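For reference, the structure discussed in these notes is given below.
The values are calculated or read from the model by the stated rules, or taken from the named source; none is laboratory data. Here the structure is a predicted model, which means the values were calculated and not measured. So basically every Cβ, Gly included, is an ideal-geometry build from the backbone, and we count neighbours across all protein chains shown. With ligands, DNA and RNA removed, areas are computed over all heavy atoms of the protein, side chains included. Shrake-Rupley method; radii C 1.70, N 1.55, O 1.52, S 1.80 Å.
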Amino acid sequence: MGHFNSIIGQSPALDSLIRSAKMVAATDVTVLIKGETGTGKEVLATAIQKSSPRASKAFITLNCAALPESLIESELFGHKKGSFTGATANKQGLFQVADGGTLFLDEINSLPVSIQAKLLRFLESGECLSVGDIKPYKVDVRVIAATNADLNKQIDAGEFRQDLYFRLNVVPLELPPLAQRTEDIEHLIKHFLTFFADIHYITAPKFSKQALKILKGYQWPGNIRELRNLCERLSILLAGKTIEPENLPHEFSVYSRNAKATPFTLPEVGLQLDALEADLIHQALSRTQGNRSKSAKLLGISRDTLLYRMQKHGYASH
Ligand SMILES: Nc1ncnc2c1ncn2[C@@H]1O[C@H](COP(=O)(O)OP(=O)(O)OP(=O)(O)O)[C@@H](O)[C@H]1O
Ligand SMILES: [Mg+2]
């Protein structure tokens, strides 16, 4: 089942998830994929469908957050001509379009409560009802649902039906946030840098050890999507170069400071930053017998930056 190879990562958390997903893929059971934004829910849903016996059949996606309540019911279940203003002809719903195949209900947490009942009916009996019709129809559809919100909280708030939740949650698959699988960060980076080098015809950059350390300590609110976008941006801006901490966007600077917690506290009376910088550069150079690369490393800056600052402080350029 090679379709799961598109899911990069070897952390224990991801590994056991993929093992479950492979077993689920072989069956028709309803799947609920949970996970924060950007953790790979759509990637996982696609891998499950592609490895399932329904791989060659229809694979239809509906983002439940993308349509207003008034449209979503007819989109899913279809409508009869004349059932509402503008219904000028009979219309098939996505359940009919997906018959024999798979329906991926993305952001199921946004499905209006009124329609949740109709979805539950389908999951329990295989029956659907078009808007404006009285005679139900049967379809053979495998449902995969995904949510980035905590459905238990929505149940408590009366926004999600508990019976539907139990019905969907037969086999829950929960994608861990990226910050909880830092072991995967290097694999993902390697994968994305190679990928973007290929599609943009450029030489992939490298991350310095320090930059990598910062990435591993970062919270990644946008998870893998955020890492992927960062890799694409840096691939283009720093093709073939080594990415240092100062090349990372500003949201990483907090982490870079935390990663090497500074022993200094700004004195009550203030200080002369310029003189302090000159003094620290001087200390680094004497400790490394004037080795500029080693000094730069000690100071957590690139060699180029060090040379620039040395010049600024009046060191001879050679
Ligand atoms: N394990 C992975 N290996 C490689 N790429 C991944 C992986 N997981 C996610 N991605 C990539 O990260 C991006 C986000 O993934 P995806 O769209 O599946 O996330 P999502 O959980 O559906 O997010 P959202 O809740 O915002 O819809 C995509 O570009 C996807 O290709
Ligand atoms: Mg998604």
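The HN-Hα couplings worked out from phi for the stretch 60-65 by the Karplus form 6.51 cos²θ - 1.76 cosθ + 1.60 (θ = phi - 60°) are 10, 10, 10, 8, 5, 8 Hz, whole numbers, x standing for Gly and Pro. Amide H contacts under 5 Å for F59: T102, restricted to partners 5 or more places along the chain or on a different chain, H placed in the peptide plane at 1.01 Å from N. For the stretch 2-176, the share of alpha carbon pairs falling in successive 10 Å distance bins from zero is 10, 38, 35, 15, 3, 0 percent. Stretched out straight at 0.36 nm per residue, the stretch from H200 to R287 would grow longer than its current Cα-Cα span by 27.1 nm. Taking the Kirkwood radius as Rh and the Cα radius of gyration as Rg, the chain has a ratio of Rg/Rh equal to 1.15. Each eigenvalue of the Cα gyration tensor of the stretch 95-186, multiplied by 5 and square-rooted, gives one semi-axis; in descending order these are 29, 17, 10 Å.
3J(HN,Hα) along the stretch 80-86: 8, 3, x, 6, 7, 4, x Hz, from the Karplus curve 6.51 cos²θ - 1.76 cosθ + 1.60 with θ = phi - 60°, whole Hz, x for Gly and Pro.
Stretching the chain fully between S253 and S20 yields a gain of 80.1 nm (0.36 nm per residue, less the alpha carbon separation).
Helices in the chain, meaning DSSP H runs of at least 4 residues, each add -39500 (n - 2.57). Divided by all residues, the mean residue ellipticity at 222 nm is -13500 deg cm²/dmol. Along the stretch 139-156 the Karplus relation, 6.51 cos²θ - 1.76 cosθ + 1.60 evaluated at θ = phi - 60°, assigns HN-Hα couplings of 9, 10, 10, 8, 9, 10, 10, 9, 9, 9, 10, 7, 5, 4, 5, 5, 5, 4 Hz to successive residues, with x for each Gly and Pro. Backbone amide hydrogens, once placed in the peptide plane, bring V131 within less than 5 Å of G78, H79, K80, excluding anything fewer than 5 places away on its chain.
Model label points for Y137 and R121, set 7 angstrom from Cα along the Cα-to-Cβ axis, are 1.5 nm apart.
Based on C-alpha pairs under 8 angstrom that are at least 6 apart in sequence, the chain has a relative contact order of 18 percent.
Accessible surface for the chain, divided over its residues, is 54 Å² per residue with a 1.4 Å probe.
In the stretch 186-287, the portion of solvent-accessible area held by carbon and sulfur atoms comes to 56 percent [1.4 Å probe, whole percent, DNA, RNA and ligands not counted]. Summarising the amide proton neighbourhood of V171: residues at separation of 5 or more, or on other chains, whose placed amide H is nearer than 5 Å comprise L32. Straightening the chain between N152 and K209 buys 16.4 nm, computed as 0.36 nm per residue apart minus the Cα-Cα spacing. Pairs exceeding 20 Å between alpha-carbon atoms, taken from K91/K138; K209/K312; K80/K135; K50/K216: K209/K312; K50/K216.
Pairs over the 23 Å Cα-Cα cut-off, from the set K34/K213; K22/K153; K41/K190: K34/K213; K22/K153.
Hydrophobic long helices, here whole DSSP H runs in the chain with Kyte-Doolittle means of at least -1.0 and Cα atoms spread over 24 Å or more along the helix axis, are found at 183-200. FRET efficiency for the Q10 to T305 pair, using the beta carbon distance and R₀ = 30 Å, is estimated at 0.30. As a rough guide to protection, the peptides 207-218, 148-159 ranked by mean Cβ packing within 10 Å, highest first, stand as 207-218, 148-159.
Which FRET efficiency value, to the nearest 0.05, do you get for F264 and V171 by plugging their Cβ-Cβ distance into 1/(1 + (r/R0)^6) with R0 = 51 Å? Plugging the Cβ-Cβ distance into 1/(1 + (r/R0)^6) gives 0.45. Rounded to the nearest percent, how much of the accessible area of the stretch 2-176 (1.4 Å probe, protein heavy atoms only) is carbon and sulfur? Here carbon and sulfur together make up 50 percent of the probe-accessible area. In this simple spin-label model, placing a label point 7 Å from the Cα along the Cα-to-Cβ direction at both Y315 and L71 gives a separation of 6.2 nm.
Debye-formula intensities of the stretch 277-318, expressed as log10 I(q)/I(0) at q = 0.14, 0.17, 0.28 Å⁻¹, are -0.23, -0.34, -1.00 (one equal scatterer per alpha-carbon, no solvent).
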